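Structure, as structure tokens:
Taken together, the values in this text are just the output of simple stated rules run on the coordinates, not laboratory data. Quick caveat: nothing in here was measured; it's all calculated off a predicted structure. FYI the Cβ positions are ideal-geometry reconstructions off the backbone, even for glycines, and counts take in every protein chain you see.
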Amino acid sequence: MTTSLDPTSTEQPVGPPAGLPKFGVGLLYNPALPGFLRAHLDTVDFLEVIPDTFWTDRGPAHSPRYCEIEESVKVLNWVAERRPIIAHSIGLSIGSADLFDPQHIDQIALWHRRYHFPWHSDHLSFVRVKGATGYGHEAGMAVPIPYDDDMLQIIAERTACVQATVPAPFLLENNVYFVELPEQQMTEAQFLNRLAAKTGCGLLLDVHNVYANARNHAFSASEFIDQLDLTRVVEVHIAGGSELAGMYTDSHAGPCPQPVWDLLRHVVASATHLRAITFEFHDSYFRFLGDQGILDQLRQARDIWSGA
Amino acid sequence: MSLLAFQQAMCDLIASPDLCRRMRQDPDAILTQYELSARERRRLVSIIWQRGMSTNCALYRANRITPIYSALPLTCFLLGDLLLPETELYWRTTERVDLQFSEESRRFAAFLLARLRTGAVTGGHLEEVLAFELATIDLRFALRAGNGHISRDSPTLSQAALRLHPLVRIVRFRHDPALLLDHITKMHRPPYDLPAAEFYVLLDARGDTLEIQRIDPQLGNLLAGFENHCAPPLAPDDLLTLVEADLLVASKGTQPRIKL
């Protein structure tokens, strides 16, 4: 396997997260799932949740700032008594310039202490920009960051901040992107490898995002995966997608396409520290998938997991 | 500063297909508004011509309308062809972008209500359906702890110290709610000649599931008065009945004064 660690760096690489429990195959929670979970909990090894969707953030000027949504928390508590829960947040906005919210990290840390999540992940992108008030407002989507040295430094410092506050290993997820920024100092794989080596963070490899990027920007998804330091991959996301305005998107629209299964098989065979495979779908596609459709996706993922 | 300006410019472009078009025609006119390095400037000029920029713009709009559509589906259905122009006007006039369902849908509802009240938007059933969906959102996100329940043995309370149970909402309809909601939930436009009268619906989230029931207009009007802090004075026995039904609870921070 070739990796893309910077050969000129004098820094000692920090090892990958160690000693994590090996879970298997699970689902990312969405509001369509409570009925499925009550009927088929035995088919999932864990449930992954987006903590940010279980509370309303009223902003830093309010006290209390975070109001939990009780009907959602009730479902979470029910599952937490029966299965491990993994946390995957969307609100860190780790790539935002001049904006990083320690209160948000504290809130995540609070939930870690309550639910004992084995690790924590978020996205390698930014979702918020600094507004006139100093508090960020939403960018409306996960916007990709440039893979440059100064951005690597920013993300590394913030990763260290999360690692110091949240009592669990931290993973970052590779992003999907629809435009390519020219003149980047690193490839995406180089950036991910250097970030992991510099900070000791793990990788959440979204195989469907890799597939979407490869399809949209005409490169080989498996070659991209081979450029990654797969010993850093702790979790994998799989999903389906759909076309929008001429590009293939990570819309989580139903079942995984065949190339995603092929890539998953490739990753599972090589990622020695892989602990979990999570199937994601958007709740609006529940009617399309149905219980049986979800069970089929879980079964296929489990076949690949077991064959590793 | 430069990275911040670059990210701001990217977000502005993603949020506005019109800005993208204008930048294609005259990049200098747009980019002089941002303090950018030469490389960042070249990056923005490059992406503006890429096919994926249309996808970014489409995704932005889809992501922004999702909280509104998810929380207010019936209102969105009734808006019909007005939905896109009204949401776009809302986005242009609201500085804060927020993808949280409860806050964003409430802000859009307030915007739409103001447009309805000034006559800028008209729609035979919009206002009552919007009020109904807003009440549903309120209850979905309401906190269940500490609701000021008064037990049968509570000592004394004045009417001024009572409020509607926080897990109950009253919605006034000007058309039969059963007929109206039946049409809309089946994605049928309601007929214009639905019989008009005053109807009240009680939304009750005190149990495990949200219960919706039509109630007597006199009781509805009375409970709506408590909800809006303008209830007419009631006889102690009537107050006691409402308290015992757990429809009225103690207001926050109030002290008992007059024996019921």
For the range A:261-308, take the alpha-carbon Rg, divide it by the Kirkwood Rh, and send me Rg/Rh.
1.04
Once you have all Cα-Cα distances for the range B:65-141, histogram them in 5 Å bins from zero and send the whole-percent values.
3, 16, 32, 28, 16, 5, 0
Which residue, A:V268, A:V143, A:V14, tops the fluctuation ranking in a GNM of chain A built on C-alpha contacts under 10 Å?
A:V14
Likely footprinting exposure, B:Y200, B:Y34, fewest C-beta neighbours within 10 Å first:
B:Y34, B:Y200
Inter-centroid distance (Cα atoms) of the range A:147-181 relative to the range A:197-270, Å
18 Å
FRET efficiency (A:D149, B:D238; Cβ distance; R0 60 Å; to 0.05) is 0.25
Compute a Gaussian network model of chain B, connecting alpha carbons closer than 10 Å, and tell me which residue from B:H165, B:H175, B:H183 fluctuates the most.
B:H183
Ratio of the protein assembly as shown's C-alpha Rg to 2.2 N^0.38 Å, to two decimals?
1.07
If you scale each eigenvalue of the Cα gyration tensor by 5 and take the root, what three semi-axes come out for the range B:145-250, rounded to whole angstrom and sorted largest first?
31, 16, 9
Choice from A:W55, A:W119, A:W261 showing the highest fluctuation, given a GNM over chain A with Cα pairs closer than 10 Å
A:W55
Which of the trypsin sites (Lys or Arg not before Pro) found in the range B:1-91 are loop residues per DSSP with 16 or fewer other Cβ atoms within 10 Å of their Cβ?
B:R51
Expressed in Å to one decimal, the Kirkwood Rh of chain B from all distinct alpha-carbon pairs is 21.8 Å
Rounded, prolate or oblate, given the Cα gyration tensor of the range A:174-215, with a/c below 1.5 counting as rounded?
oblate
The range A:91-191: GluC sites (Glu not before Pro) in DSSP loop, at most 13 other beta carbons within 10 Å:
A:E183
Please give the calculated 222 nm ellipticity per residue for the protein assembly as shown, where each DSSP H segment of at least 4 residues contributes -39500 (n - 2.57) and the sum is spread over every residue; nearest 500 deg cm²/dmol?
-13500 deg cm²/dmol
